[in-house]
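First comes the structure, then the notes that go with it.
The values are calculated or read from the model by the stated rules, or taken from the named source; none is laboratory data. Values in this document were obtained by computation on a predicted structure and should not be read as measured data. Please note: Cβ atoms are built from the backbone with ideal geometry, for glycine as well, and neighbour counts cover all protein chains shown.
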Amino acid sequence: MQILRNAATAAVLGLALAGASTTAWAADYTLRIQTHLSAESLNGKNAQQFADDVERMSGGRIDIEMFYSGSVVKSTETFDAAANGVLDGDMTGGAYQTGKNPAFQFLGDIMGGYETPWQQYSWLYYGGGLEQAQKLYNSYGMQLIGWWIPGQESLSSSKPLPGPEALKDWKFRSPPGLETEIFAELGASPIVMDFGEVFSALETKIIDGADASNITTNDSIGIYDLVKHTTYPGFHSMPSDHLAINKDVWDDLPDDLKAIVEVAMEKLSFRNSLSFQVEMGKSATKLQKEGVTLHNWSSADREAFRTFAQKKWQEWGDKTPEARELVDSHVSFMKEIGLLK
């Protein structure tokens, strides 16, 4: 009888465990998230790790479908697609949304502001930035979950760029918006063009250089086969890519699953910045051996650039109340940590 009782107990436990396993791995929620980055890129691999982390930590209750390289909608349309329910999440960046409100510039790329990703994250988490940003995102039906920052971008050039004086009459590819205004103020000749046009424009000498991306990405697309000067470490631009989720979708998630997504996002932030720090260091070492000159601007030159940038921050801050709030917040925090006097 004892043997039968033990066998029956084992059978019941087996059924219960099987049922629990089935429940654990049945996705209760599916999040469809698009990034503008390719699956093969370092960013793309880190994004997939984020998706895997969420699925594993949630016991399969959340299934994340990642879409790469703007495969569902154009990269610039990702935010609206998520807000309107075509997607659930946007992993591009706030700077794409400056047409909605100039305030997004100061959540996407502060331009000449922080010197490291860690300072920029600090404003978000310890300088009141997340609370201020959340008001703006919520007004467009989205919830900001966090940032993932590769690091400072590098200017690439066919001529030396040892300091601000070298920017006079320097004709270069620039993204639209605040950057063109800052560099024009310094005497450069920014030309707005798509990222995909950079290589051919350098090859045909339409431009002298480019603000394309960080030194590792620039190297991967062959820019340094054409030009042999670059700023490194960078100083002028450090975009914050974001994860933003449709607010109704976010509000529908139980608190424990929200916490899992937030924690996984913080891991993505940490690992993404670290992995790029390593890869950019490797790229710098390799490129020097290949004859590329790295220009590391002095503290005084960086401060001069930041001074010019601040003038434009203030002008953009006057465009909307939300932009003013964010500019003032950044300036106040930078003074607290000693970046500004």
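Here I207 fulfils each of the conditions (1) touching a residue at least 40 places away in the same chain (Cβ under 8 Å); (2) surrounded by 21 or more Cβ atoms within 10 Å (Cβ to Cβ); (3) touching a strand residue (DSSP E or B) at 6+ places or on another chain (Cβ under 6 Å) apart from (1).
Just one residue in the set V249, V263 is modelled with pLDDT of 95 or more, in a helix (DSSP H, G or I) and out of contact with any strand residue (DSSP E or B) (no Cβ under 9 Å at 6 or more places or on another chain); that residue is V263.
Could we say that G163 is closer than 24 Å to L202 by Cα and in contact with a helix residue (DSSP H, G or I) (Cβ under 9 Å, 6 or more places away or on another chain) here? Answer is yes for this residue. Scanning the stretch 221-240 for residues that are crowded, with 16+ Cβ neighbours inside 10 Å and part of a helix (DSSP H, G or I) turns up I223, Y224.
Quick check: is even one residue across the stretch 148-167 over 20 Å from N218 (Cα atoms) and among the aromatic types (F, W, Y)? Step through it out loud before you land on a result.
Step one: of the stretch 148-167, the residues over 20 Å from N218 (Cα atoms) are 163-166.
This time we only want the ones that are among the aromatic types (F, W, Y), so: none.
No: zero hits.
Out of all the residues in the stretch 241-262, which are crowded, with 23+ Cβ neighbours inside 10 Å and among the small types (G, A, S)? A244 - this is the single residue of the stretch 241-262 that is crowded, with 23+ Cβ neighbours inside 10 Å and among the small types (G, A, S).
Against the conditions (1) in contact (Cβ under 8 Å) with a residue 60 or more places away in the chain; (2) surrounded by fewer than 22 Cβ atoms within 10 Å (Cβ to Cβ), D90 satisfies every one except (2). Of the residues screened, E65 is one that is touching a Lys or Arg at 6+ places or on another chain (Cβ under 8 Å), farther than 29 Å from H330 by Cα and either in contact (Cβ under 8 Å) with a residue 40 or more places away in the chain or in the same structural domain as R271 (by TED's automatic domain parsing) (or both). Every condition in (1) within 17 Å of the chain's Cα centre (by Cα); (2) part of a helix (DSSP H, G or I) is met by M66 except one, and the failing one is (2).
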